[in-house]
Amino acid sequence: MPATPAIHAQDLGRDFTLTTGPLLRRTRRTITAVHGLDFTVAPGEIVAYLGPNGAGKSTTMKMLTGILTPTRGHLHVLGMRPARRRTALAARIGVVFGQRTTLWWDLPLRDSLALTRHLYRVPAATHTARLDELTHALDLAGFLHTPVRQLSLGQRMRGDLAAALLHDPDLLVLDEPTIGLDIVSKTAIREFLLNLNARRNTTILLTTHDLSDVERLCRRVILIDHGTLAYDGDLDGLHALAPAPRTLIVDLQAPADPLDLPGTRHLRSQGPRQWLELTGAPAPAIAAAAAHHPIADLTLHEPGIEDVLARLYRGRS
Amino acid sequence: MRLYRAVFANGLRRYSTYRAATAAGLLTNTVFGLINAGVLLALFHARPHINGYDATDAITHVFVTQALLAPTAIMGPPLDLGERVRTGDIATDLMRPAHPLAWWLADDLGRAAFQLAFRSAPTFAAGALLLPLDLPTDPARWAAFTTATALAVLIGFALRYLFALAGFWLLDTRGLTSLLFLLGPAFSGVLLPLVLFPDPLAATMRTLPWAHMIQFPVEVFLGKHAPPDLTAGLARQAAWAAALLALGALATSRAARKVVVQGG
Amino acid sequence: MAQYPLSLALLGLAQSLSVIVELIAVLVVFGHAHTLAGFTAREALLVYGLAGTAFGLADLLIGQVERLGDHIRTGTFDTMLIRPASPLVQLAADEFSPRRLGKVIPALACLTWALATAGIDWTLQRALTVPLLLASGAAICCATWILGACLQFFITEARQAANSITYGGKALTEYPLAVFGTDTARWATFALPLAFVSWQPALYLLDRPDPTGLPDQLRHTAPAAALLLCALAALAWRTGLRHYRSTGS
């Protein structure tokens, strides 16, 4: 028997009614933030939920957590309807917002976590064990006694993660968890999440604008754009969807006219550096460059997921 | 000068966007005005004359007081300056070529101007519609009242400016300022007209700046002061305003020095 | 806040002083009038003590609910909805501080003194009813606070307007209701039952006929009025919350 999916959305939609205009002549306008969303997330998956700003990501997140009721379709999270069973669902999921904290501003982190434990009714013994585990895994020991408002962004993020995981949730929802963090902190958090998923089979859904998060963590990507599902599959498939050509970056010894090399198209120049789009194989282009021009340096740039997405967004709009 | 005119206009414009808050404030002022007037009406029904006030004076006092609460900000809110001192953002303000006192004064006057027009006047109008308030007919009285109100607003600003800057020397000013925002009005005529308090107490309270923000302008409105007393009273108001503003200027230069020398 | 004990003490003191200052105002008024609406100063202090204690308790327990609009605006209300606990309880508990006892203590002291000196004809029944009356009064004040907060589900900036009802109600109930006239007394009995916070209980304890002419039986219905208003408040909260979750503000 197949396990209950962690998330199951079917024809999920959400409309907003906007009333605008002067007091006596108000007009109503219906905006569809999200519609026709169909996707299933199995337990233990790590899924990235991507999309440009205003695409409907936070609307979806709000519906998943029960803060917002859908206007169309079906949604089940951990087998429950979020809008109907908000409290029951809340006890089994953990949520982290990158932009604001779920901790109490004036309390030391330790006290915040103790309060959280009571909110989620975690038994004392379980809490102690779990807290030790999380302190070790997230390296919290140095600032457990610091008031949350005095923590750095990276420390606060780790604190928020600890608070979200204290009750061992089945699903972890992360809304921009690495935003504003330095690369060391980001790496630490990514490693932690991979570990968590491996050991506890926690399903993770994350939205992010940092595409290296996606590349490091997620095997599956769901792309939402203008309120509808644009892509649902793995990363390689995403590359295939909007193939972006590779770029040859040539650093000449002195500024020159745009180079005309076989199998390339000149994109732009900046001083002695030129960007050439590869339309054919790279080898002849590189050979021709080396043979006929004074080269200081040469790089072959692979399209990253940013390029893929940028093309995708441009193509769809 | 053009700078401060712009700051003034900005303050005015900013407050004009707080439409819901202004309407709510108007409602609050009217509700409390009616409740306080109700109590005083009952009182003056039992004792028609107390220390020169009669029933009409008392209810007019209540509504002029409610009208003055917002522009003088005698019960708060504190200036945003206090928060900037707490967070340290004040350092950038002190590095600007404009004098902080003048800057914040211009901004606050914009706020006061807006509230006088859109909250004070409607509050009094509401009271006048519901109760038989006393309206001055003599243009000289209106002129005196306008002056007294302007001076009251200045005193109100100067006090809040000092409260805000106190954060440079006191670790956390919130306790102290909330105490002052509470006690001050009690001594000023907001709680009850000062004429109702026993003479020695009332006389002491009248010497304080808060009474110059409420009780004195109200008495001017009611025509309780004849010219020699009137001029003396206005002069006392002006003296308080000048003294508090001067103290504010002194505090500003001390604070600036503190920032430069200690790094804030 | 907890980091600055002096500030905390001063804030607590400010709360106490606000109660004491209003108490002084009542005394000053009665100092001139001797009786108002048939009530002497001692009897007026009974009214004040009942109202002050009821409101002080409600402020302690539920007062923070009035900041709902701020929480919605900054997104922290959503944070509360993520947790498996009642958002109302979380709201009330947010920034819970013992300094708010500063409002209850002087009011309770005033009430105790008035109970002793206002010339009440004590029976066992009367003595046992006092806690019930206080609890009903506090419940009515709590319900009023919640009703005011629910306004903010629909209009986020309605806090000040809501305050004019909660704090205005407090000011109203601190004086014998008959002082404000028969019409006001009727509104405060049947529209928003604030009369049951201090006025009806005082009439009961002093065994006084109602100067506004309402039936004497009303004074026994304080608990019923409290239950009714609380039910209304609960309904309003559920409606407001449902509205918030279906419009996404």
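Quick note: the coordinates plus some simple rules give every number you see, no bench work behind them. All of these numbers come straight from a predicted model, not from anything done at the bench. For neighbour counting, all protein chains shown are included, and Cβ atoms are generated from backbone atoms with ideal geometry for every residue, glycine included.
Can you give me the convex hull volume of the Cα atoms of the range C:1-57, divided per residue and expressed in Å³? Walk me through the numbers on the way to the answer.
Details: hull volume 4.2 nm³, N = 57.
Spelled out: Cα convex hull of the range C:1-57, divided by residues, is 73 Å³.
Residue C:242 sits among other residues whose Cβ lies under 13 Å from its own Cβ, and their net charge, with Lys and Arg +1 and Asp and Glu -1, is +4. Karplus-based coupling profile of the range C:212-220, in residue order and whole Hz: 8, x, 6, x, 5, 5, 4, 5, 8, with θ = phi - 60° in 6.51 cos²θ - 1.76 cosθ + 1.60 and x standing for Gly or Pro.
Note down the Stokes-Einstein diffusion coefficient of the range C:1-134 in µm²/s, whole number, using a Kirkwood radius over alpha carbon pairs, 4 °C, and 1.567 mPa s. Walk me through the numbers before you get to the answer.
Working: Rh = 17.1 Å.
For the chosen part, D equals 76 µm²/s.
Apply the membrane-span-like helix rule to chain B: whole DSSP H runs, Cα extent along the own long axis of at least 24 Å, mean Kyte-Doolittle hydropathy at least 0.0. List the helices found. Intermediate results must be reported in sequence, preceding the final value.
Working: long enough: B:19-46 (41 Å, 1.28); B:55-72 (26 Å, 0.88); B:139-165 (39 Å, 1.30); B:227-262 (51 Å, 0.61).
Span-like helices in chain B: B:19-46, B:55-72, B:139-165, B:227-262.
Helix A:305-316 axis versus longest C-alpha principal axis of chain A: approximately 90°, rounded to the nearest ten. Comparing Cα centroids, the range B:148-168 and the range A:22-64 end up 49 angstrom apart. Dipole of the range B:43-177 computed with +1 at Lys/Arg Cβ and -1 at Asp/Glu Cβ about the Cα centre; of B:124, B:85, B:60, farthest Cα towards the positive end is B:85. For chain A, the longest principal axis of the C-alpha atoms and the axis of helix A:153-165 are separated by about 50°.
For a quick check: sort A:72, A:199 by the number of other beta carbons within 10 angstrom, fewest at the front. Don't skip to the end; give the middle numbers.
Values: A:72 16, A:199 10.
Lowest to highest Cβ neighbour count: A:199, A:72.
A crude spin-label estimate for the pair residue A:291 and residue C:230, with each label 7 Å from Cα along the Cβ direction, gives 9.2 nm. Note on residue B:260 and residue C:70: with the Förster distance fixed at 25 Å, the Cβ-Cβ geometry gives a FRET efficiency of about 0.10.
Relative contact order, whole percent, for the range B:172-264 stands at 19, derived from Cα pairs under 8 Å and 6 or more residues apart. Normalising the average separation of contacting C-alpha pairs (under 8 angstrom, six or more residues apart) by the number of residues puts the relative contact order of the range B:110-264 at 32 percent.
What angle, in degrees between 0 and 90 and rounded to the nearest 10, separates the Cα long axis of helix C:41-62 from the longest principal axis of the Cα atoms of chain C? Result, in degrees: 10.
What is the sum of charges, Lys and Arg at +1 and Asp and Glu at -1, for the other residues whose Cβ falls under 13 Å from the Cβ of residue B:72? Overall, the nearby charge balance is +2.
Within the listed set C:37, C:85, C:107, the Gaussian network model of chain C (springs between alpha-carbon atoms below 10 Å) gives the highest mean-square fluctuation for C:85.
How much length is gained on full extension from residue A:302 to residue A:219, taking 0.36 nm per residue of separation minus their Cα-Cα distance? Don't skip to the answer; put the middle values down first.
Details: separation 83, 0.36 × 83 = 29.88 nm, distance 1.93 nm.
My answer for the length gained is 27.9 nm.
For residue B:169, neighbours were defined as the other residues whose beta-carbon sits under 15 Å from its Cβ, and their charges (Lys and Arg +1, Asp and Glu -1) total +4.
Net charge dipole, the range B:2-262: roughly 820 debye, given to the nearest 20, about the Cα centre with Cβ charges of +1 for Lys and Arg and -1 for Asp and Glu. Once you divide the Cα radius of gyration of the range A:182-252 by 2.2 N^0.38 Å, the number left is 1.39.
Given bins 5 angstrom wide, list per bin the percent of all Cα-Cα distances in the range B:2-262, short to long. Final binned percentages: 1, 6, 12, 16, 19, 16, 12, 8, 5, 3, 1, 0, 0.
For a Förster distance of 45 Å, can you work out the FRET efficiency between the beta-carbons of residue C:242 and residue A:152, rounded to the nearest 0.05?
On the way: r = 39 Å, r/R0 = 0.87.
The formula returns an efficiency of 0.70 here.
Comparing mean-square fluctuations of B:208, B:105, B:130 from a GNM of chain B with C-alpha springs under 10 Å, the top value falls on B:130. Per residue, the protein assembly as shown reaches -18500 deg cm²/dmol at 222 nm when only DSSP H runs of four or more residues are counted, each adding -39500 (n - 2.57).
Across q = 0.11, 0.13 Å⁻¹, the range A:7-241 modelled as identical point scatterers on its alpha-carbon atoms has Debye log10 I(q)/I(0) values of -0.59, -0.81, in the order of the q list.
Under a 10 Å cutoff between Cα atoms, tell me which one of A:83, A:55, A:289 has the largest fluctuation in the Gaussian network model of chain A. It is A:289. In this calculation the C-beta distance from residue B:96 to residue A:114 is compared with R0 = 41 Å, giving a FRET efficiency of 0.35. Considering only C:98, C:51, C:81, and ranking their Cα positions along the charge dipole of the range C:5-247 that arises from unit charges at the beta-carbon of Lys, Arg, Asp and Glu, the one farthest toward the positive end is C:81.
Spread over its residues, the convex hull of the C-alpha atoms of chain C is 134 Å³ per residue. Using a simple spin-label model with pseudo-atoms 7 Å out from Cα toward Cβ, residue B:246 and residue A:20 lie 5.6 nm apart. In this simple spin-label model, placing a label point 7 Å from the Cα along the Cα-to-Cβ direction at both residue B:10 and residue A:210 gives a separation of 3.5 nm. With only Cα atoms counted, the protein assembly as shown has Rg and Dmax values of 33.2, 114 Å.
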